[in-house]
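Report on the following structure.
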Amino acid sequence: MGDEPTADDAGARGVPDGSRRRRGAAEPLTVEQLLARPGGPTTGGRRAARRQGAQPSAPSAPPPGVRNGLPPVPGAAPRPALPPVPGAPADWQPDPRPSRRSGPIPPLPGTVPPPVRTGATRLRPPRPVRRELTPGRRRLVRAAIALAAVAGVVLLYHLGLYFYVDQKISRVEALATDGPEILAAQLQEASETYLVVGTGVPDQEGPASVATLLASVSEDGERAVLVGFPPTALVDTPACRSADGEVRAPTTEAFARSLLDGGPSCMVRAVQQLSGVRVDHYLEVDLARLPGMVDALGGVPMCVVPSRATAAAAVPPPSGASELSGEAAAGYLRPAGDGTDATGTAVAERTQRLLTSTLRAAMSRDVVLDPPTLARFLSRAAEALTVDEQTTLGDLRALATSLGNVSGDAVARTGLPVAQVGHVPAGGEEAFVLLDGAGTRSLFDAVIDGSRVPDGFAAENDAPSEAAGEEPPAEAAVAADPQTALVPPAEVSVDVLNGTGTRGLAATVADALRAGGFVVGTVGNAEGTVSQSVVRHGPGTVAQARTVAAAVPGAVLQGSDSLGDTVQLVIGPGYESVVPVPPPAPAPEPQPEADTAAAAPVPGAAAVRC
């Protein structure tokens, strides 16, 4: 039949020998049965097709006109080829660019779990448990915080007050530390030199209203020399810049005129020209306002030492420890006006003593811890003081501390050696003090060399506080010993020596002593200079020396074992005249031993104790 397969179709169907098992009836096949046949033509063909389709095939060349895989633009002309590179070979091809691999992409935050530590793990120590403070401790902490806050406020207040006054205080351009007149500058590097100037001396006008003192403190602070300058001393002032900024020509004038007519800078140059000493600090105080500074502190404690400067005050305070008020300070500064201060240096010493005591009182703990008093004092001090541009309140504190710590023989006070007092040049009317040039040079050479006074100068030292059982110096004992009676002038033989530069002064004094009944021996000139008249004597001529000193006002005693029985009168600056000697006092009636012992002076009672 036409629908049955033939034998020729058997080979094509894969039936061997061209035979096929015949089935009685044709059964329909399902898709599952066809797929379940192993090695069937359908499964194998599909698998082979899959295997053939998985093999990659080389891309065929794009047809002409295709650009970057895009079909050509209809109607567009083909793109011409690039022209060859000039000078390149015909077979040149560009080097292939190396492929750059991208780095690993970091994971997204939060997608990677934290690493798990293995092995020994370092554990944090447990936090200490805070202990609760007891009520007592809490109160103590609050009190400490409050105290620290108060201390901080006080500290800030004092710092603010310090800087306020430091800015308010008057300052002038006065120093010339590189001036050509300074001698041996390398020897003066360690020491500190202060020029202390007092202006407006009470009841004085012109040059006499200025008091000047030069203070030189050694490097170790153990010695100090205070030199007073006569305001009318005739000096040479070099070229300087005046207070109005103009250059002042060199001139010869009274020393105080350098300040009154020139200004602080001219006075500093005049001091350096005369002494060769470098001035490191300039301090000017208005003496009319200084008593107000004393009142601002409620009084100033001061150790008053008996001296010629103290005796020359209008109202000298009692010796020893005293409490000066503003009124007492004004009387202490005012000169007596009786001619006891012929050179005008005594008021400079009193100014320095009062100013130093005032500054030391202002630095005391009681004043520092009293803000209203401290503010009142600093406000008045800012109005009374004038300093140079480099000097600060700390430098003033150092000055007060230095001069307060050294005392006794460590502080030497002296004046410039004077040759003549009351010199009036020809054709002039103003009287000047003439200085002894050689003595002045000798004095300042010693100051430059080591802040000391050379031998031969009559220097006054601050009287030290004598301990019980110690004897005061011989000069003080002789001058104050009431048991040493005066003798008649006819029993005194004295040599008269001229210690000034005034010619013929020794002969004039010798004639006056002869007229007073003294026996005059040698008349001549003294070796060296002195700052005042001195009566030198041996151990056995104390009464004779006191008699000569009674005839020459202002003379001081100076004992020396080398003189033997000789009495010498060395005329110095400040000499005025010879006065009659008072008659010797009658001899006292003898008293019982008990009364004599009771009347005997206590050892050391005459010494000043502060």
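Can you pull out the residues in the stretch 517-542 that are surrounded by 19 or more Cβ atoms within 10 Å (Cβ to Cβ) and small (Gly, Ala, Ser)?
If the condition is that a residue be surrounded by 19 or more Cβ atoms within 10 Å (Cβ to Cβ) and small (Gly, Ala, Ser), then Ala526, Ser531, Ser533 are the ones that fit.
Quick check on my filter: what residues within the stretch 361-374 are in contact (Cβ under 8 Å) with a residue 24 or more places away in the chain and within 22 Å of Met302 (Cα to Cα)?
Selection gives Ala361, Ala362, Met363, Val367, Val368, Thr373, Leu374.
Residue check: is Val227 part of a strand (DSSP E or B), at pLDDT 90 or above, closer than 22 Å to Leu283 by Cβ and not acidic (Asp, Glu)?
Yes, satisfied.
Sort out for me the helices (runs of 4 or more DSSP H) sitting completely within the stretch 246-343 that have 2 or more residues that are out of contact with any Cys (no Cβ under 6 Å at 6 or more places or on another chain), closer than 30 Å to Ala184 by Cα and touching a residue at least 60 places away in the same chain (Cβ under 8 Å).
Counting at least 2 such residues, we get 264-275.
Identify the single condition in (1) acidic (Asp, Glu); (2) in contact with a strand residue (DSSP E or B) (Cβ under 6 Å, 6 or more places away or on another chain); (3) closer than 19 Å to Pro238 by Cβ that Glu192 does not satisfy, given that it satisfies every other one.
(3)
Of the residues Pro482, Pro489, which single one is at pLDDT below 85 and either under 53 Å from the mean Cα position of the chain (by Cα) or surrounded by 14 or more Cβ atoms within 10 Å (Cβ to Cβ) (or both)?
Criteria check complete, one pass: Pro482.
Quick test for you: out of Leu354, Leu297, Leu290, pick the one residue that is open to solvent by 10 Å² or more (accessible area, probe 1.4 Å) and within 33 Å of the chain's Cα centre (by Cα).
Among Leu354, Leu297, Leu290, only Leu297 is open to solvent by 10 Å² or more (accessible area, probe 1.4 Å) and within 33 Å of the chain's Cα centre (by Cα).
Pairs, please: C-beta under 8 Å, at least 6 apart or cross-chain, first residue modelled with pLDDT of 85 or more and in the stretch 413-426, second among the hydrophobic types (A, V, I, L, M, F, W, C) and open to solvent by 60 Å² or more (accessible area, probe 1.4 Å)?
Cβ pairs passing all conditions: none.
Got a number for residues in the stretch 381-392 being assigned to a helix (DSSP H, G or I) and surrounded by fewer than 18 Cβ atoms within 10 Å (Cβ to Cβ)?
Within the stretch 381-392, residues that are assigned to a helix (DSSP H, G or I) and surrounded by fewer than 18 Cβ atoms within 10 Å (Cβ to Cβ) number 2.
Out of (1) buried (at least 22 other Cβ atoms within 10 Å of the Cβ); (2) at pLDDT below 95, the odd one out for Cys266 is which?
For Cys266, the failing item is (2).
Among what's in the stretch 198-224 and is touching a helix residue (DSSP H, G or I) at 6+ places or on another chain (Cβ under 7 Å), open to solvent by 20 Å² or more (accessible area, probe 1.4 Å) and farther than 17 Å from Leu355 by Cβ, pick the residue that is modelled with the lowest pLDDT.
Only one residue fits best here, namely Gly221.
Each row is one residue, and each column tells you yes or no for (1) open to solvent by less than 70 Å² (accessible area, probe 1.4 Å); (2) at pLDDT below 75; (3) more than 23 Å from the chain's Cα centre (by Cα).
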{"site": "Pro113", "(1), (2), (3)": "no, yes, yes"}
{"site": "Val116", "(1), (2), (3)": "no, yes, yes"}
{"site": "Val129", "(1), (2), (3)": "no, yes, yes"}
{"site": "Arg142", "(1), (2), (3)": "no, no, yes"}
{"site": "Val150", "(1), (2), (3)": "no, no, yes"}
{"site": "Glu173", "(1), (2), (3)": "no, no, no"}
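The values are calculated or read from the model by the stated rules, or taken from the named source; none is laboratory data. Here the structure is a predicted model, which means the values were calculated and not measured. Reconstructed Cβ throughout: ideal geometry from the backbone, glycine too, with neighbour counts over all protein chains shown. These accessible areas exclude ligands, DNA and RNA; they are computed on the full protein's heavy atoms, side chains included. Shrake-Rupley method; radii C 1.70, N 1.55, O 1.52, S 1.80 Å.
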